[in-house]
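Only one structure is covered here, and it is reproduced in the block below.
Computed from the coordinates by the stated procedures, all read-outs in this text should not be read as laboratory data. This is a predicted model, so every value here is computed, not measured. Backbone-built Cβ (ideal geometry, glycine too); neighbour counts: all protein chains shown.
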Amino acid sequence: MSIEAVSKDALAPTSRSGSVDRAVQGQLDIAVIGAGLVGLATSAMLRKQGHRLTIFESSSFHAEIGAGIVLPPNGWVFFGSNGVENLCSWSTQMEMFHISGARMDGDDLSDGWTQYPQGYFMAHRVDLHKELMRLALDSDALTFPPASIHLGAPIKAVDFDSERPSVTASSGEEFKFDLVLGTDGIKSTVRECMVGADYNAPPTQLAFYRWMIDLKKNPELCWMRDDRNTPVRGGDLINCSAAHHDTRDQTIVAGQILSEDWVAAEWNAETPLDTFREAFEDFDDKFKPLVAVAEKPGTWQLRKLPPLPTWVKGNVALLGDAAHAMFPTYGQGFAVGLEDAGVLATLFPRGTKPSEIGARLKTFQELRKLRAERVSQMSTDAYKEPDEDAPEGSFSGWLVPEFLDHDSVAVAKDAVLKM
């Protein structure tokens, strides 16, 4: 499904009578705020349950982020039942190199395939986004009617009425729903309305440069792919990232940092080519060609949410990065967001009554909050500065059973049986 096919119609307020009719049919009227990966996955899973979905997305999807993304076994709670394996490349190896060219660190993930048959995969973020969009919005993708989506439609406020919460669009119009889900990412408006700006994700001095290399255009760089099982799009693309200190918006005089305005720096922004290439001047010559072919490198600043006092208020809930944005150390951010989506959709089958929403959201928080916060804290605790003297294979976090053994949907099904 192409982005151009997405609905951009003007918003129409939801009527109270329409909500009553849907309730009789066992269909909830649900707003999903944010159409990123987790927002679309949540919409697709709730669509499979037969609910009516309206998605509000602040952007117009004119520019999608081109980067690779890890899909660990616990993330396949969603993908395993939706047949998107063709979008993914199997991955059995993770590697880290020092600027001298020496291999510093690595993990052999092949054992993980034996222990976790779902396997480890890499995928292109844009490919996943388009497929999730198809599952949520394409009329032919699933049995029940598709979600509707409104692009360029940021919300500015949320009302937490326990019976009929509402969202207010930038136009000032108010739209009421049975359930509102905040999947609007690390800069979530829903979260700020729920718990205040004190719980926004603080910036750090850590960041990654990120860029993709098309090996069809640059066949001389195929040595990066050879004998490695970490490609994207079947080996056509190489996903590159380089950790560094984020020095944007620093005022430095005589080697001393006089002021820092980290909040002013965009957390995910395109990097000027001159700045990007200068950062790699001291790198071994074997890596410089990888830098030279970068076309639109980006700087991704690491941010992490503190534990929130709640994910639920009235009939409104937070999911994904809006609830638990974390460091990428274990490659768990997206997977844990998918766990959220799987649990929520399991707790809200078709036939759920509006009067049951509050209790089911309470169960959702009980099943998800402590686990997500623990994974988030572990992602921070495991982060370490690159050390050229570190023994090979010293970081073995990718196969932590605590992460990968978790079946969030099975846990949610057990909870439903007890309701």
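Here the spin labels are modelled as points 7 Å beyond Cα on the Cα-Cβ line, and at Glu163 and Ala197 they lie 3.4 nm apart. Between the alpha-carbon centers of the range 163-200 and the range 276-304, tell me the distance in whole angstrom. Between the Cα centres of the range 163-200 and the range 276-304 lies a distance of 37 Å.
The length gained by stretching the chain between Leu273 and Ser241 to full extension, at 0.36 nm per residue less their Cα-Cα distance, is 10.0 nm. Working from label points 7 Å from Cα in the Cα-to-Cβ sense, the Val293 to Ser171 distance is 4.7 nm.
Residue separation of Gln205 and Ala382 scaled by 0.36 nm, minus their Cα-Cα distance, works out to 62.1 nm of gained length.
Residues Val293, Val416, ranked from the fewest to the most other C-beta atoms within 10 Å, line up as Val416, Val293. Among Ile55, Ile69, the order by Cβ neighbours within 10 angstrom, fewest to most, reads Ile69, Ile55. Treating r as the C-beta distance of Gln25 and Met96 and R0 as 35 Å, the FRET efficiency rounds to 0.05. In terms of surrounding Cβ atoms within a 10 Å radius of their Cβ, His124, His98 rank from fewest to most as His98, His124.
Packing order of peptides 180-191, 197-208, 131-142, 276-287, highest average first: 180-191, 131-142, 197-208, 276-287 (average count of other Cβ atoms within 10 Å over each peptide's residues). For Asp282 and Glu366, the difference between the fully extended length at 0.36 nm per residue and the C-alpha to C-alpha distance is 25.3 nm.
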